[in-house]
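The structure is given below, and queries will be raised subsequently.
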Amino acid sequence: MYDREALKSLIRERALLFGDFTLASGKKATYYLDGKQVTLDSVGAKLVGEGLLDMLGSPLPTAVGGMAIGADPITAAVVTLAGVRGQALKGFMVRKESKGRGTDKFIEGPVEPGMHVVIVEDVVTTGGSSITAIERCVEFGLIVDGVLTIIDREQGGKKNFADKGYELRSLFSIRDFGIEPPNE
């Protein structure tokens with residue numbers, strides 16, 4: 001059973017850092033969320049996996065995945081928890097660049113065109129990396145049903161996804177940690 005307060009506490013203790021940071025989106029920030037400090041921890045992975053799996057609801061999509069490398073531990077956690085619960089769910093990875101050898105694909109994993117998938121992400125600011133993941137999935141022939149994230153920084157990501165026809169759902173908003181997103 002998903003323990004929201006335990007995950008919130010773990011994020012606050014291990015992932016939430018204060019200082020001067022430049023985000024992947026290029027935006028400047030006074031705080032940073034280092035999601036890997038939670039998703040690469042056994043307790044954190046379990047809590048994230050349970051929370052996102054519960055959020056997926058029923059029926060489950062065929063697969064979950066996202067942009068390597070950040071989404072990889074999240075994908076693994078959700079897929080593993082689905083297996084523990086006896087639910088069928090596949091995982092996949094979206095490469096930033098094709099590897100130029102072997103199958104030379106952007107999408108890796110046991111997925112095929114026509115399958116329904118959901119993109120997973122640790123932190124969404126503007127949604128840029130997940131939008132790239134969505135574009136690569138669509139090019140491959142997957143049907144993207146939406147995006148799940150652990151934390152929404154509330155800095156345009158939800159609107160950017162909506163503008164492209166996708167729903168963003170999150171376990172937490174940055175407001176859950178007492179931080180007001182900047183006015184933009």
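Those residues that are touching a Pro at 6+ places or on another chain (Cβ under 9 Å), in a loop (DSSP other than H, G, I, E, B) and acidic (Asp, Glu), I need them from the stretch 133-184; list them, please.
Glu154
Kindly indicate whether any position in the stretch 13-28 is at pLDDT below 95 and in contact with a helix residue (DSSP H, G or I) (Cβ under 8 Å, 6 or more places away or on another chain).
yes
Which numbered condition trips up Gly83, out of (1) at pLDDT 95 or above; (2) buried (at least 18 other Cβ atoms within 10 Å of the Cβ)?
(2)
Quick check on Gln37: is it at negative phi and over 15 Å from the mean Cα position of the chain (by Cα)?
no
Which condition does Glu154 not pass, out of (1) in contact with a helix residue (DSSP H, G or I) (Cβ under 6 Å, 6 or more places away or on another chain); (2) more than 17 Å from Ile11 (Cβ to Cβ); (3) free of Cβ contacts under 8 Å to residues at least 40 places away in the same chain, if it passes all the others?
So the condition that Glu154 fails would be (2).
Based on this model, can you work out whether Gly91 counts as in a loop (DSSP other than H, G, I, E, B), under 27 Å from Ser42 (Cβ atoms) and out of contact with any Cys (no Cβ under 9 Å at 6 or more places or on another chain)?
No.
Restricting the search to the stretch 147-170, which residues are touching a Phe, Trp or Tyr at 6+ places or on another chain (Cβ under 8 Å) and closer than 16 Å to Asp122 by Cβ?
Listed by number, the residues that qualify are Val147, Ile150, Ile151, Asp152, Leu168.
Given the conditions (1) farther than 19 Å from Ala15 by Cβ; (2) modelled with pLDDT of 95 or more; (3) of a type in the set (Ser, Thr, Tyr), report the number of the one that Thr75 does not fulfil.
(1)
Does any residue of the stretch 106-127 turn out to be modelled with pLDDT of 95 or more, in a loop (DSSP other than H, G, I, E, B) and either β-branched (Val, Ile, Thr) or more than 23 Å from Ala76 (Cα to Cα) (or both)?
yes
Name every residue in the stretch 29-57 that is small (Gly, Ala, Ser), in contact with a helix residue (DSSP H, G or I) (Cβ under 8 Å, 6 or more places away or on another chain) and free of Cβ contacts under 8 Å to residues at least 40 places away in the same chain, in order of residue number.
In the first step, residues of the stretch 29-57 are kept if they are small (Gly, Ala, Ser); the result is 29, 35, 42, 44-45, 49, 51, 57.
Of the ones still in play, those that are also in contact with a helix residue (DSSP H, G or I) (Cβ under 8 Å, 6 or more places away or on another chain) are 35, 44-45, 49, 51.
Hits for the stretch 29-57 are Gly44, Ala45, Gly49.
Under the condition of being in contact (Cβ under 8 Å) with a residue 12 or more places away in the chain and surrounded by fewer than 16 Cβ atoms within 10 Å (Cβ to Cβ), which residue from the stretch 157-168 is farthest from Gly91 (Cα to Cα)?
Let us first name the residues in the stretch 157-168 that are in contact (Cβ under 8 Å) with a residue 12 or more places away in the chain, namely 157-158, 160-161, 164, 166-168.
Filter once more, so that each one left must be surrounded by fewer than 16 Cβ atoms within 10 Å (Cβ to Cβ): 164, 167.
Working: Lys164: 23, Glu167: 20 Å.
Per the stated criteria, the residue is Lys164.
Moving on. Out of Val111, Val144, Val94, Val138, which single residue is closer than 18 Å to Met55 by Cβ and either β-branched (Val, Ile, Thr) or surrounded by 12 or more Cβ atoms within 10 Å (Cβ to Cβ) (or both)?
Of Val111, Val144, Val94, Val138, the one residue that is closer than 18 Å to Met55 by Cβ and either β-branched (Val, Ile, Thr) or surrounded by 12 or more Cβ atoms within 10 Å (Cβ to Cβ) (or both) is Val144.
Name every residue in the stretch 1-56 that is of a type in the set (Asp, Glu) and either over 14 Å from Ile150 (Cβ atoms) or part of a loop (DSSP other than H, G, I, E, B) (or both), in order of residue number.
Within the stretch 1-56, Asp3, Glu5, Glu13, Asp20, Asp34, Asp41 qualify.
The values are calculated or read from the model by the stated rules, or taken from the named source; none is laboratory data. None of the values given here were measured: they were computed from a predicted structure. Methodologically, a virtual Cβ is constructed for each residue, glycine included, from the backbone with ideal geometry; neighbour enumeration extends over all protein chains shown.
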